[in-house]
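The values are calculated or read from the model by the stated rules, or taken from the named source; none is laboratory data. Bear in mind the structure is a predicted one, so any value in this text is a computation, not a measurement. Please note: Cβ atoms are built from the backbone with ideal geometry, for glycine as well, and neighbour counts cover all protein chains shown.
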Amino acid sequence: MRRLSLSVSAKHLPPEPLSHRPGASTRSDPLRSDPKPGTISYMVPLAKILKRPPNEALFIHYITVYAKAGLLHEATQLFDKMPELNCAPSTASLNQLLLVLCEKREGLYMVKDVLLKSQEKGIRVDESTFSILIEALCRNSKAKFAIEIMGLMGLFECDPDPRMYSLVLQSLCEDSNSWSDVIAFVREMQSAGFMPSILDYYKVIALLVKEGKVDEAYCFVNEMRIDGAKPDVSCYNKVLSGFSEAGRFDMVDEVFDEMLIRGLIPNVCTFEIYIGGLAKKGDVDGMVKMVKCMERAGFDANVQIYNMIIGGFMRSGELNKARELMDEMVRKGIKWNSDTLSLYYEKEIGKRQDVASS
């Protein structure tokens, strides 16, 4: 009768990995099968029959299996029932449960409860728990949940570290619909005594430019210097591109000049953005001069820059200069792209029209 009861009960249990079975043999193990709802109710009597309480590593395995099967409530219940099986849950099993809960949307709403219950049970929650949790939330684009979790750290006598702030800030920049929330979080980070990295600052600047807040982005660059950070070329390039896209060419000149005054050396991207601004203004001569400055600085104009200048010459009706530039590209070994070919065919059509009219 006992044997029959065991076989009926055990068929619902999830598989136990070989590494968790001391003295594993080739005979069938009653714990090897797929997880199904109702498994947990069998675990306590089954453990008594087997007289072999599972160790924590086995519970960690079960929690993971349940979560992968979409049984998040069962995974949480299993964690809660560990003491009944003479297995005290530790930070390791708690961390695993939190990690799998964060992988699914419905699991996110269970995290706060699990943390608070863990405190009541005396399970040690440390920085590693919060680090795993915040990283998982940010990876799943849940920065606002991560901020809530950071707010709970004080209850566990833990403090956020710079990496946590950086992860949340970058996630906010990628997913937030409110640039003001991002700025507020930067202020919070600074109030906590942590300086954002240059990458953090760049992400904020990129978000501001994307949202059309180019003036705010430029102010933010100036604030960086006040805070003791040094904006790099990529930060200035992002602001340059914002002003250029907005058609504010006076500000393009101002930002470019400021870069030089600050001792920053423009890169190819800087010149490309600046020349693009000149192209929008229709200042072809300025574009040619800037290419010469670029070459003096040790950079070669790329195909995109040549295309912009060729297009400028063609719009101003200077087809001969456009042809000369195309020939120059060939001499320098710069490969044409689809835009160059389009300009070439446009130039050929213009050439035929010139012949026909003469």
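Here are the numbers for the structure shown:
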item: Neighbours by Cβ (under 6 Å, 6+ apart or cross-chain): first from region 122-147, farther than 18 Å from Pro162 by Cβ; second in a helix (DSSP H, G or I) and hydrophobic (A, V, I, L, M, F, W, C); result: Ile123/Leu94; Val125/Phe156; Ala136/Leu99; Phe145/Leu108; Phe145/Leu137
item: Pair list, Cβ under 9 Å, 6 or more apart: region 176-201 residue touching a residue at least 12 places away in the same chain (Cβ under 8 Å), other residue among the small types (Gly, Ala, Ser) and not in a helix (DSSP H, G or I); result: Val182/Ser176; Phe185/Ser176; Met195/Gly228; Met195/Ala229; Pro196/Ala229; Ser197/Ala229; Ile198/Ala229; Tyr201/Ala229
item: Top-ranked residue of region 129-145 - restricted to ones that are in contact with a Ser or Thr (Cβ under 7 Å, 6 or more places away or on another chain) and not in a loop (DSSP other than H, G, I, E, B), ranked as nearest to Gln96 (Cα to Cα); result: Thr129
item: Residue list for region 263-285, filter: closer than 22 Å to Met224 by Cα and more than 30 Å from the chain's Cα centre (by Cα); result: Gly263
item: Test: residue in region 167-178 that is more than 14 Å from the chain's Cα centre (by Cα) and loosely packed, with under 15 Cβ neighbours inside 10 Å; result: yes
item: Scan of region 169-188 for residues that are over 11 Å from Val204 (Cα atoms) and either in contact with a Ser or Thr (Cβ under 8 Å, 6 or more places away or on another chain) or at pLDDT 95 or above (or both), ordered by number; result: Asp175
item: Residue within region 169-176 that is of a type in the set (Asp, Glu) and more than 30 Å from Lys81 (Cβ to Cβ) present; result: yes
item: Enumeration of residues in region 154-175 that are in a helix (DSSP H, G or I) and without any contact (Cβ under 8 Å) to a residue 24 or more places away in the chain; result: Gly154
item: Qualifying positions in region 245-279 - under 13 Å from Tyr218 (Cβ atoms) and not charged (D, E, K, R); result: Ala246, Met251, Val252, Val255, Phe256, Met259
item: Single match in Glu216, Glu258 (criterion: touching a helix residue (DSSP H, G or I) at 6+ places or on another chain (Cβ under 8 Å), over 30 Å from Arg163 (Cα atoms), part of a helix (DSSP H, G or I) and among the charged types (D, E, K, R)); result: Glu258
item: Unmet criterion (only one of (1) under 30 Å from Leu167 (Cα atoms); (2) more than 21 Å from the chain's Cα centre (by Cα); (3) among the aliphatic types (A, V, I, L, M); (4) surrounded by fewer than 22 Cβ atoms within 10 Å (Cβ to Cβ)) for Leu199; result: (2)
item: Every residue from region 156-215 that is β-branched (Val, Ile, Thr) and in contact with a Pro (Cβ under 7 Å, 6 or more places away or on another chain); result: Val186
